[in-house]
Structure formats: structure tokens, C-alpha cells
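*Asks:* Sharing a structure, written as C-alpha cells. Questions coming.
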Protein chains: 2
Amino acid sequence: MTVAVKALFFDVFGTLVDWRGSIAREARAVLEPRGHAIDWLAFADAWRGEYQGAMEEVRAGRKPFCKLDVLHRRNLDRILPRFDAEDVGEDDRRHLNLAWHRLDAWPDVSPALARLRRQYLVAPVSNGNVSLMVDLARRNSFTWDAILGAEFSGDYKPKLAVYRDAAEAFDLTPGHCLMVAAHSDDLAAAAAAGLRTAHVARPDEKGKGRGETAPEIDVDFAAMDLRDLAEKLSV
Amino acid sequence: MTVAVKALFFDVFGTLVDWRGSIAREARAVLEPRGHAIDWLAFADAWRGEYQGAMEEVRAGRKPFCKLDVLHRRNLDRILPRFDAEDVGEDDRRHLNLAWHRLDAWPDVSPALARLRRQYLVAPVSNGNVSLMVDLARRNSFTWDAILGAEFSGDYKPKLAVYRDAAEAFDLTPGHCLMVAAHSDDLAAAAAAGLRTAHVARPDEKGKGRGETAPEIDVDFAAMDLRDLAEKLSV
């Protein structure tokens, strides 16, 4: 690598935390006591299924920027009827919407992140809002130098400005920054913005064998997990 | 206090770090080897003296927002001739400008901040830019939940939006947030934005006996230092 990497930027949903298993668990905790019998993993998939479309409204300029929490809430209201759960009340909807603040990290993440932070500046560059990132960090013992990403930039990935704004916030050229993600489309955009790229395999992100086991594009590093990335970066 | 405080927001220059002594030291380290014999504390005072005027150009809308680093640089260029130092070259000016990234905390701050963080969300709400806050945090072992303040808001304190944006980033009403500062004007603005207020005495901030020993306005807490604030908040 010709330019020394100084900062690591992390995708969060899927890359650092298991959104699917956590959302299924949280939805069940809220809705099962209310008498709902639902395929909880299908519920998680349906909720996440509305994710890109909601952000696209903002990216395309058809709606002004709002926090991901707001988009998650609209998406929740949209999917509840599909699971015959339109009777869920306002308080439960609010609590359920914050399930995204209660996601658990993959087991390799917290120790590897602490290790990586000894050598690099680290920040999430996620589409999640600041309060969501703060809650995930507190829950999973992530220590960040700053919280960058969508809310800092006022737009959603994969818009290139989100990656560039993150580098600029750290006074770095994009080439000094390494985007770490389990999704090739995120990394392709980061590369287009001039960042270095590291793929982390999360083969079970969307269900058994339904995540990316390897990058679909050329990347600077391809790692099995975050511990493996730390090894590859010689930390 | 009727509303429970959930987040503490900190002013940084003067409140957490000794800008005057640190800038004097850093200016000396850069300029003395170049043959300059300057009253280093007067140099620090002169540089800081340009601070409010430069930000006011942005607050008033006469200039677009830029990082404080950029304003510090303009101010440095302005004061160097006053100290017969207009011959300082570009590289030295750049390095000297980053003196603001190399400020030392007052001795009470780092342990008290760690203690406060066990009970509250903590963030700087400073006019310093993100990279400056990151460097100060790394240097002085501050652990922040997020870096909020001027660069996050795109405007400078005491504009009320800066305080309100910080509360909003944490999904809190202003009344759940406590602004901590050694400057009554900062706290007056925070109160106007609906935040709670805590004054920290820094009697020697601007030279012996030339800082605020007590708040000049009504505040929720008045503390001798950050350790005393932790005691008063029963942490």
C-alpha cells in the first residue's frame, strides 16, 4: 500500500453488528407478550427490506434528510400490517423502533476494534444516526474517536460525499482512510470516493449462507472477520 | 432538578484544557529555535484575542462556515507581524497552527470525565473542529460518546442552534442536557437554548486571576473543578 492508512471507517449494520438476529429477538420481546405469533426472522428481513428504498428518497432529493430512526419508524408502520400486527400501539411502536439501538455485535468485533484503535483513528461511517451509534457503542463497548456518517453529512451512503466528509473531518485525504464493510456495494462507493477498502466476510448476515463470503470487487484487504483484519494490518 | 440530566456537554478551550499555557509552550517550541524571542504568553493571548472576531464573521453570515483550524490560521497570519515574526515560513505556520491540537488538560479533567461518563453521555460542544477534538481526546485520554459542536452544526457558539443540535443528536430535549463551561456567556446561551448549566471555575485561564472564579449568571451547578462537579452530581 503506497499511502499509509491513518483512519479506519466502519460500516455497522451487518459488518459490526448482527441486525437480523437482534431485531428478531427484540421484535419477539415486544410483540409475543401482546399475543403475536410471527416468524421473527422474516419480520427482521421485511423491516430491513424497506431500508434502501426509504434512503433512496433522501439520496434522490425527493425528501429532505432525516435520521435513520425516522425512516425505520415509517418502515415499521409499513410492515406491521403484513404480519397482522396493525393493532400494535404507539408506545410499543416507539419502543420497537429503538430495537435498532439494541443490536449485538458479532463476537469478534469488540476486542478487535480496541486493538485496531491502538494504531488507527476509528469511526463508524454508517447510515445510522448519532444516537443509534452511541447506544450501540455503549452496549457493545465500542470506543470511537468520532461518530461520522449519514447524520454528520446530511445524506446517506453510498453517496460519495458521506465517505469524503468523513475523511475531511479527520483532516485526511481519502487515500489515508480505509473503509471496512461486509458489503461490496459500500466498498465500491468508498473506492469511487478515493478511499482504501477492506472487506469483512459475514456469510450468515442475512441468514445461513446469505451474506457475502468474499468481496465481489477488487479490495485492498479481504478478511474473514475483524480479528483477521487486525492481523492483516499487522496491529 | 425536575428533569433528569442524561447528557453532559462540555466547552473545551479553557474549561477542559489550558489553551494559554499550552499555546505559549508550543509557540516557543516552534519559534525559539528560529531565533525569535517573544513574550510567549502574550503571543498566546494575541492569538486567542482574534478568536471571537473571526467566528463572528461566520455567525453573522458574512462568511460561510469553515473549520476553526482555518480561522486559527488566518488569525496566526494576522498576529505574526505584530511579534516581528512575519518571516516564519509556510511549513512552520502549518505546524504552529496545529498547536491547538496539542493542548493539555487541566489536571482534574481526565479522571473526572471518566467518572462522569459512567453515569452520563458525554460530548464536547466546542467551537473546535472534529479533528482538533479527536487529537485533544487522544492526547489527554478523554473518551467521548460523540463529537458534537460547531463542525457538526455548521455554525459557531453561542448561536443557539449549536446547543440544540447537540441535544437533538442524542434524541434528548435540551432540558435533559447539562452544558458545562468556565464561561458565563457560553452558559447564558446554553440556558437560552433550554439546556441546564454547570459552571466550572478556571480562575487562571487567561493568566493568574484572570479567569472566572464564579458564574456571573444563575446556573444549576457551580463547581470548583470537574472533580467537584462529579461530587455535586453525586457520581
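*Asks:* Taking amide H positions as placed in the peptide plane 1.01 Å from N, state which residues far from A:THR197 in sequence (5 or more) or on other chains have amide H under 5 Å from it.
*Replies:* Here A:MET179, A:ASP220, A:PHE221 satisfy the definition.
*Asks:* Relative contact order for region B:185-235: what is it in percent, counting Cα pairs under 8 Å that are at least 6 residues apart?
*Replies:* 32 percent
*Asks:* Per residue, how big is the convex hull around the C-alpha atoms of the protein assembly as shown? Give it to me in cubic angstrom, could you? Numbers along the way, then the final one.
*Replies:* On the way: hull volume 73.5 nm³, N = 470.
For the protein assembly as shown, the hull spanned by Cα atoms encloses 156 Å³ per residue.
*Asks:* Please build a GNM for chain B, connecting alpha carbons under 10 Å apart, and tell me which residue among B:GLY209, B:GLY154, B:GLY194 fluctuates the most.
*Replies:* Looking only at B:GLY209, B:GLY154, B:GLY194, the largest GNM fluctuation is found for B:GLY209.
*Asks:* Taking a 32 Å limit on the Cα-Cα distance, which of the listed pairs A:LYS157/B:LYS157; B:LYS63/B:LYS208; A:LYS232/B:LYS157; B:LYS206/B:LYS232; B:LYS63/B:LYS232; A:LYS157/A:LYS232 fall beyond it? Walk me through the intermediate numbers first.
*Replies:* On the way: A:LYS157/B:LYS157 29 Å; B:LYS63/B:LYS208 35 Å; A:LYS232/B:LYS157 43 Å; B:LYS206/B:LYS232 26 Å; B:LYS63/B:LYS232 41 Å; A:LYS157/A:LYS232 26 Å.
Checking Cα-Cα distances, B:LYS63/B:LYS208; A:LYS232/B:LYS157; B:LYS63/B:LYS232 exceed 32 Å.
*Asks:* Relative contact order (percent) for chain B, with alpha-carbon contacts under 8 angstrom and 6 or more residues of separation? Intermediate values should be presented prior to the final figure.
*Replies:* On the way: 391 pairs, mean separation 54.9, N = 235.
Taking the mean separation of contacting Cα pairs over the length of chain B, I get 23 percent.
*Asks:* Using the Cα atoms of region B:129-179, I'd like the radius of gyration and the largest Cα-Cα distance, Dmax, both in angstrom.
*Replies:* Final numbers for Rg and Dmax: 11.5, 32 Å.
*Asks:* Take chain B, mark every one of the trypsin sites (Lys or Arg not before Pro) that falls in a DSSP loop and has at most 13 other Cβ within 10 Å, then report the longest stretch left between them, sites excluded.
*Replies:* Details: sites that count: B:ARG62, B:ARG118, B:LYS208, B:ARG210.
Longest stretch, sites excluded: B:119-207.
*Asks:* If you don't mind, another one. Considering only chain A, what is the antiparallel percent among its DSSP beta bridges, to the nearest 5?
*Replies:* On the way: 1 of 19 bridges.
The answer is about 5 percent antiparallel.
*Asks:* Next up: If every alpha-carbon in region A:45-158 counts as one equal scatterer, what log10 I(q)/I(0) does Debye give at q = 0.10, 0.12, 0.19, 0.23 1/Å?
*Replies:* Ignoring solvent entirely, the Cα scatterers give -0.35, -0.50, -1.06, -1.29.
*Asks:* Under 10 Å, Cα contacts only: if you run a Gaussian network model on chain A, which one of A:ALA27, A:ALA123, A:ALA182 comes out with the highest mean-square fluctuation?
*Replies:* Comparing A:ALA27, A:ALA123, A:ALA182 in the GNM, the peak value goes to A:ALA27.
*Asks:* Rounded to a whole number of µm²/s, how large is the Stokes-Einstein D of region B:107-159 at 20 °C and 1.002 mPa s, given Rh as the Kirkwood radius over C-alpha pairs? Intermediate results must be reported in sequence, preceding the final value.
*Replies:* Details: Rh = 11.6 Å.
Taking Rh from Cα pairs, D becomes 185 µm²/s.
*Asks:* For peptide B:118-124, what's the mean number of Cβ atoms from other chains within 10 Å of each residue's Cβ?
*Replies:* Working: counts 0, 0, 0, 4, 0, 3, 0.
Averaged over the peptide's residues, the number is 1.
*Asks:* Hey, another quick one. From the label point of B:GLY89, set 7 Å from Cα along Cα→Cβ, how far away are the matching label points in the other copies, in nm, ordered shortest to longest?
*Replies:* Result, one decimal in nm: 7.3.
*Asks:* While we're on this one: Per-residue HN-Hα couplings for region B:13-29, Karplus 6.51 cos²θ - 1.76 cosθ + 1.60 at θ = phi - 60°, whole Hz, x for Gly and Pro?
*Replies:* 5, x, 7, 9, 10, 8, 5, 5, x, 5, 5, 4, 4, 5, 5, 4, 4
*Asks:* Taking amide H positions as placed in the peptide plane 1.01 Å from N, state which residues far from B:VAL17 in sequence (5 or more) or on other chains have amide H under 5 Å from it.
*Replies:* For B:VAL17, the qualifying residues are B:TRP106.
*Asks:* Okay, moving on. Just how far, in whole angstrom, is region B:118-137 from region B:38-99 if you go by their alpha carbon centroids?
*Replies:* 22 Å
*Asks:* For chain A, what number results from the quotient of the Cα radius of gyration and 2.2 N^0.38 Å?
*Replies:* Working: Rg = 17.6 Å, N = 235, 2.2 N^0.38 = 17.5 Å.
Normalised by 2.2 N^0.38 Å, the Cα Rg of chain A equals 1.00.
*Asks:* Within 10 Å of each residue's Cβ, count the other Cβ atoms and sort B:VAL130, B:VAL125, B:VAL235, A:VAL3 from fewest upward.
*Replies:* On the way: B:VAL130 27, B:VAL125 30, B:VAL235 15, A:VAL3 12.
The order, fewest Cβ neighbours first, is A:VAL3, B:VAL235, B:VAL130, B:VAL125.
*Asks:* How big is the Rg/Rh ratio for region B:151-235, C-alpha atoms only, Rh by Kirkwood, two decimals? Write out the running numbers ahead of the final one.
*Replies:* On the way: Rg = 13.2 Å, Rh = 13.3 Å.
Expressed as Rg/Rh, it is 0.99.
*Asks:* For Cα pairs less than 8 Å apart in space and 6+ apart in sequence, what is the mean separation divided by the residue count of region A:19-101, i.e. the relative contact order in percent? Don't skip to the answer; put the middle values down first.
*Replies:* On the way: 56 pairs, mean separation 30.0, N = 83.
RCO, region A:19-101: 36 percent.
*Asks:* Karplus couplings for region B:41-47 from phi (6.51 cos²θ - 1.76 cosθ + 1.60, θ = phi - 60°), rounded to Hz, Gly and Pro as x?
*Replies:* 5, 5, 5, 4, 4, 5, 5
*Asks:* Hey, what's the Cα Rg ratio for region B:19-101 versus the globular rule of thumb, 2.2 N^0.38 Å? Kindly include the intermediate steps, with their values, before the conclusion.
*Replies:* Details: Rg = 12.7 Å, N = 83, 2.2 N^0.38 = 11.8 Å.
Normalised Rg, Cα atoms only: 1.08.
*Asks:* If you don't mind, there's one more thing I want to ask. How far is B:GLY35 from itself in the other copies, in nm, if each label sits 7 Å out from Cα along the Cα-Cβ line, shortest first?
*Replies:* 9.0
*Asks:* Cut-off is 10 Å between beta-carbons; in what order do A:THR197, A:THR15, B:THR173 appear when sorted fewest neighbours first? Please list the in-between numbers first.
*Replies:* Values: A:THR197 23, A:THR15 26, B:THR173 14.
Fewest to most other Cβ atoms nearby, the residues stand as B:THR173, A:THR197, A:THR15.
*Asks:* Given H placed 1.01 Å from N in the peptide plane, which residues other than close sequence neighbours of A:LYS206 have an amide H under 5 Å from its amide H?
*Replies:* Those qualifying (amide H under 5 Å, at least 5 residues apart or on another chain) are A:GLY211.
Rule-based calculations on the coordinates, nothing more; no lab input. Remember, predicted model here, so these are calculated numbers, not experimental data. Note that we place each Cβ from the backbone using ideal geometry, even for glycine, and neighbour counts take in every protein chain shown.
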